[in-house]
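Have a look at the structure below before the remarks.
The values are calculated or read from the model by the stated rules, or taken from the named source; none is laboratory data. What you see is a predicted model, and the numbers here were worked out from it, not measured in a lab. Glycine also receives a Cβ, built like all others from the backbone with ideal geometry; neighbour counts cover every protein chain displayed.
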Amino acid sequence: MARKRTKAGPAGAPVTTVVVMRLYIAGTAPNSVKAIANLHAICGRYLKDGYKLEIIDVCEHPRRALADGVLVTPSLAKVSPAPTSNVIGNLSDTGSVLAALGLPAGAIE
Amino acid sequence: MTPEALPPVRSPSDLQAEAAFMHWVRQIVKGAAELRAFEAGQIDAVMDPATGTAILLPEAQAALQGSSRLLLSALDALPGEVCVVDAAGAVVMTNRAWRAFSAARAGAGLGVHEGANFLSACASVGAPERAHADAVAAGLRDVLAGGRQMFRCDYLCHTPDGDCAFTLSIAQIAQDGAVYAVVTRENVSEHKRAAAVSSHGRADASRVAAVARARTPNRVLAALPAREYELLLSGLEPVKLTYGEVLYEPGEQMRHVYFPSDCLVSLLTVVEGHRALEVGLVGREGMVGSRLALGITASSVRTLVQGTGTAVRMKSTRFLKEFRGSPALQRAVLHFTDALMLQVTQTAACNRFHMVEARLARWLLMTHERLGSGVFRLTHEFLADMLGVRRVGVTSAAGALQRRRLIRYQRGIITILDQQGLEAAACTCYRRVQVRGLKPGCDR
């Protein structure tokens, strides 16, 4: 998916965007609990208020997960901005989460 | 999350079954990232496209079962009785308290066992409890149908140990798309009894205060509203005052204030070289120690009990505290203080200008008013002191009133025979100092 370029503003200029994510979990199963904690830590540190997170419990809403093409849980889906991406697992690897969220590698301290 | 949704092959203790389950997972999970996470043990559930449900992996299931066990233990530890009813009304889960109650009632009434139908149980309840059982059934149906989130009712239940009061709540929960109702029942008999005793106690205290107030002959106290009188009650102490007792000498600190019930207290001014002279007379219409209300703690007069009887007293410190906090008490005390000042000034003038016979008649009427009795014991010496005259003067005046059949005076006992005649014989001072509503005819 090609990224659109806007005429206004030089390329690479900071643009205020909100990262929209969905996290699919399975109740209070261990990896799901870890995934929620890890994601909250990452968002609080790197995204501050610039994100929206929806947590979906697949035990309560299995059809929603299937409709979204989610087969395993926990699973994080970045919905916007494009491109969309997924991270599977308990999100303990901060680097892969940041990469999936489209944050520059330099953001990792 | 529900055990029914899990394939029976998934027992972690059964290696063959576990291998079969993993094989099933690998058929579904094909992406590289998913497989990596799966190998790393970071997956909790896999979606089964065939059934449209989430299948928990053994570790996640074990963990959830552990937390479910914890929840069940917590549920069992609750003192209230809890059961979960499914959409058809079947009891699918109960806690220990509920099971104990069901066992005690052998499943009768609303003591529904696990597996039984709550709605059917409501329908089979006998006459005395039928009304509330119908209400509970209607509430449960409403909650299960989504008509309301919560239903609550209080009802009485007849048990072998006597009547018990219960509060029953029904709340809706949804799980895996199915609706359940959590029924909690709490035995509130003890609370109700405690509340009843407490309110009964309050009512009793209030009634006692009202009765005590109605019976208090003291006009200052009787003038107070019931609530303010109740506040004073704890500081009031009944005392018997006997003839000749001096409550305070002039200049002495007043440690108590007295509210006479049926005794009589004279306020005497002491002039050096002379006998004490009565300047005021206090009975049930007033109080002794009202000077405190003016901020003065020492007595200006000698207060002498001249008619044995009862009174209630209060410590001066408490009185001052109550006086500051109670506008009604302030009004009553200041009203009396004003009347007492009038009496004192009138007495001073009376002693100077009026005849002994008229003064004696006034004094007898005032005493009659304050004692609430027309018969009292007095000696000529005492009367001479009260009136500031010689004894012979009293004998002469009393003889004159007796001859007019206004009083009888025998062996030191005075009986008022003709109230109106005595009023006519008294000087005009009597009418000026007469206490409204305290006329002898208006006795208790």
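Remarks
- Strands (runs of 3 or more DSSP E) wholly inside the stretch B:308-415 that include at least 1 residues being touching a Gly at 6+ places or on another chain (Cβ under 8 Å) and among the hydrophobic types (A, V, I, L, M, F, W, C): B:309-315, B:375-377
- When residue B:125 is tested against (1) surrounded by fewer than 12 Cβ atoms within 10 Å (Cβ to Cβ); (2) over 22 Å from residue B:173 (Cα atoms), exactly one condition is not met: (1).
- Restricting the stretch B:422-444 to residues that are assigned to a loop (DSSP other than H, G, I, E, B) and either acidic (Asp, Glu) or modelled with pLDDT under 50 (or both), the residue that is farthest from residue B:359 (Cα to Cα): B:444
- Subset of the stretch A:51-95 [in a strand (DSSP E or B), over 16 Å from residue A:20 (Cβ atoms) and in contact (Cβ under 8 Å) with a residue 40 or more places away in the chain]: A:73
Each row is one residue, and each column tells you yes or no for (1) without any contact (Cβ under 8 Å) to a residue 60 or more places away in the chain; (2) within 16 Å of residue B:136 (Cα to Cα); (3) not β-branched (Val, Ile, Thr).
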{"position": "B:87", "(1), (2), (3)": "no, yes, yes"}
{"position": "B:92", "(1), (2), (3)": "no, no, no"}
{"position": "B:96", "(1), (2), (3)": "yes, no, yes"}
{"position": "B:103", "(1), (2), (3)": "yes, no, yes"}
{"position": "B:115", "(1), (2), (3)": "yes, no, yes"}
{"position": "B:119", "(1), (2), (3)": "yes, yes, yes"}
{"position": "B:123", "(1), (2), (3)": "yes, yes, yes"}
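- Hey, residue B:27 more than 10 Å from chain A (Cβ to nearest Cβ), out of contact with any Cys (no Cβ under 7 Å at 6 or more places or on another chain), modelled with pLDDT of 80 or more and in a helix (DSSP H, G or I) or not: yes
- Of the residues making up the stretch A:33-48, those that are surrounded by fewer than 17 Cβ atoms within 10 Å (Cβ to Cβ) and either touching a Lys or Arg at 6+ places or on another chain (Cβ under 6 Å) or part of a helix (DSSP H, G or I) (or both) number 5.
- Counted residues, the stretch B:414-425 - those being more than 50 Å from the chain's Cα centre (by Cα) and either crowded, with 21+ Cβ neighbours inside 10 Å or touching a residue at least 12 places away in the same chain (Cβ under 8 Å) (or both): 2
- The number of residues in the stretch B:52-90 that are assigned to a loop (DSSP other than H, G, I, E, B) and within 11 Å of chain A (Cβ to nearest Cβ) comes to 2.
- Scanning the stretch B:279-332 for residues that are surrounded by 20 or more Cβ atoms within 10 Å (Cβ to Cβ), closer than 13 Å to residue B:220 by Cα, touching an Asp or Glu at 6+ places or on another chain (Cβ under 9 Å) and small (Gly, Ala, Ser) turns up B:283, B:311.
- Selection count where residues are surrounded by 13 or more Cβ atoms within 10 Å (Cβ to Cβ) and either in a loop (DSSP other than H, G, I, E, B) or at the interface with chain A (Cβ under 7 Å from one of its Cβ atoms) (or both), scope the stretch B:42-51: 6
- Test: residue in the stretch B:291-299 that is of a type in the set (Ser, Thr, Tyr) and under 30 Å from the mean Cα position of the chain (by Cα): no
- Residues of the stretch B:391-434 satisfying the condition of being of a type in the set (Asp, Glu) and touching a Phe, Trp or Tyr at 6+ places or on another chain (Cβ under 7 Å): B:423
- Annotation note: Cβ proximity below 6 Å between a residue of the stretch A:10-32 that is within 14 Å of another protein chain (Cβ to nearest Cβ) and part of a loop (DSSP other than H, G, I, E, B) and a residue that is at pLDDT below 60 and surrounded by 18 or more Cβ atoms within 10 Å (Cβ to Cβ) (sequence gap 6+ or interchain) occurs for A:27/B:1.
- Residue tally, condition polar (S, T, N, Q) and more than 14 Å from chain B (Cβ to nearest Cβ), over the stretch A:42-83: 1
- Exactly one residue out of A:103, A:98 is assigned to a loop (DSSP other than H, G, I, E, B), hydrophobic (A, V, I, L, M, F, W, C) and surrounded by 14 or more Cβ atoms within 10 Å (Cβ to Cβ), and it is A:103.
- Filtered residues of the stretch B:129-152 (kept if assigned to a helix (DSSP H, G or I) and loosely packed, with under 13 Cβ neighbours inside 10 Å): B:131
- In the stretch B:338-354, the residues that are more than 11 Å from residue B:280 (Cβ to Cβ) and surrounded by 14 or more Cβ atoms within 10 Å (Cβ to Cβ): B:350, B:351, B:354
- Filter result for residue B:17 (at pLDDT below 75 and of a type outside the set (Val, Ile, Thr)): yes
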